[in-house]
1. Taking Cα pairs under 8 Å and at least six residues apart, what relative contact order does the chain come out at, in percent?
2. Please label the shape of region 106-234 as rounded, prolate or oblate, based on the square roots a ≥ b ≥ c of the eigenvalues of the alpha-carbon gyration tensor (a/c under 1.5 means rounded; beyond that, a/b larger than b/c means prolate, else oblate).
3. With n ≥ 4 as the cut-off for DSSP H runs, can you work out [θ] at 222 nm for the chain, using -39500 (n - 2.57) per run divided by the number of residues, rounded to the nearest 500?
4. Of the candidates Ile39, Ile12, Ile101, which one comes out as most mobile in a Gaussian network treatment of the chain with C-alpha springs shorter than 10 Å?
5. Scan around Arg171 for amide H atoms under 5 Å from its own, H built in the peptide plane at 1.01 Å from N, and keep only partners 5 or more places away or cross-chain.
6. Whenever you get a sec, compute what percent of the accessible area on region 3-88 sits on carbon and sulfur atoms (1.4 Å probe).
7. Pairs of Cα atoms under 8 Å, at least six residues apart: use those to get the relative contact order of region 1-92, whole percent.
8. Would you list Leu2, Leu148 from the most to the least accessible area, probe 1.4 Å?
Amino acid sequence: GLLKAYGNKQLIPTEVPMTTDTVFDMASITKPVATATSILKLIETGKLELEEKVSAVIPEFAVHDKQEITIRDLLTHMSGLMPDNALADYLDGPEQALRKIYDLKLQNPVRSKFVYSDVNFIVLGEIVRRRSGISLHEFSQREIFQPLEMTETGYLPREEMRLQSAPTQQRDGHWMQGEVHDPRAFHMGGVAGHAGLFSTAEDLAVFATMMLGQGSYRERRVLEPQTVELMTRD
């Protein structure tokens, strides 16, 4: 396959050329690669069910008509929840942010309308934590990235990965490099279901090849073929 870098990974204050090992802030690519794959792994191993109610995992979510929302509704953006709640809801840290989300009212009736929502995937990230007993960061490493030897993929990138990262923009007067750009994920400590993942082009190619390979890559299986079929169904 072709692996070649074009352009620059940084323009200000100096130009820095793009390299093939540049680490990128994955933003919403976090949703399918880390969160949805982790959720499907829990479903595959019988620790969660696709049609299970969110409130069975997070009882405090079952207010304001949200008790009917299922895992599938979150994954397919049919929950009726808003795209994003106020940033102010995140400023007191992850626990408080999750409490504010559990207390949200529906924007639309459940399953009435497709509305792409970060909130859905923040909730899914917490479901991974509650059902597996470890954080989404730890779970995705253990079940997906380490088995595939995606060594430059993950939340909270280590020092050398941070230095390899393409800067995004300035926050509070300094350039973000290897720290998540998404403000909600940032206030949640860098690990969230909707954003926060970092990766390289090569590592993402491995993930994509695994998906095309019905869940396995170079003899390493991370998903069963029927799980991949379920994930990619219309």
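The values are calculated or read from the model by the stated rules, or taken from the named source; none is laboratory data. Nothing here was measured: the structure is a model prediction, and the numbers come from that model. Cβ: placed from backbone, ideal geometry, glycine included. Neighbour counts: every protein chain shown. To get the accessible areas, we keep the full protein, side chains included, count just its heavy atoms, and leave off ligands, DNA and RNA. Shrake-Rupley method; radii C 1.70, N 1.55, O 1.52, S 1.80 Å.
1. Working: 405 pairs, mean separation 61.4, N = 234.
For the chain, the relative contact order is 26 percent.
2. Values: a/c = 1.82, a/b = 1.10, b/c = 1.66.
Judged from the Cα gyration tensor, region 106-234 comes out oblate (a/c at least 1.5, b/c at or above a/b).
3. Working: 10 runs with 77 residues, N = 234.
So the calculated ellipticity at 222 nm is -8500 deg cm²/dmol.
4. Comparing Ile39, Ile12, Ile101 in a Gaussian network model of the chain, the most mobile one is Ile12.
5. Placed amide hydrogens put Met176 under 5 Å from Arg171.
6. Numbers: 2350 of 3950 Å².
Carbon and sulfur atoms account for 59 percent of the accessible area of region 3-88.
7. 14
8. On the way: Leu2 150, Leu148 0 Å².
So, going from the largest accessible area down, we get Leu2, Leu148.
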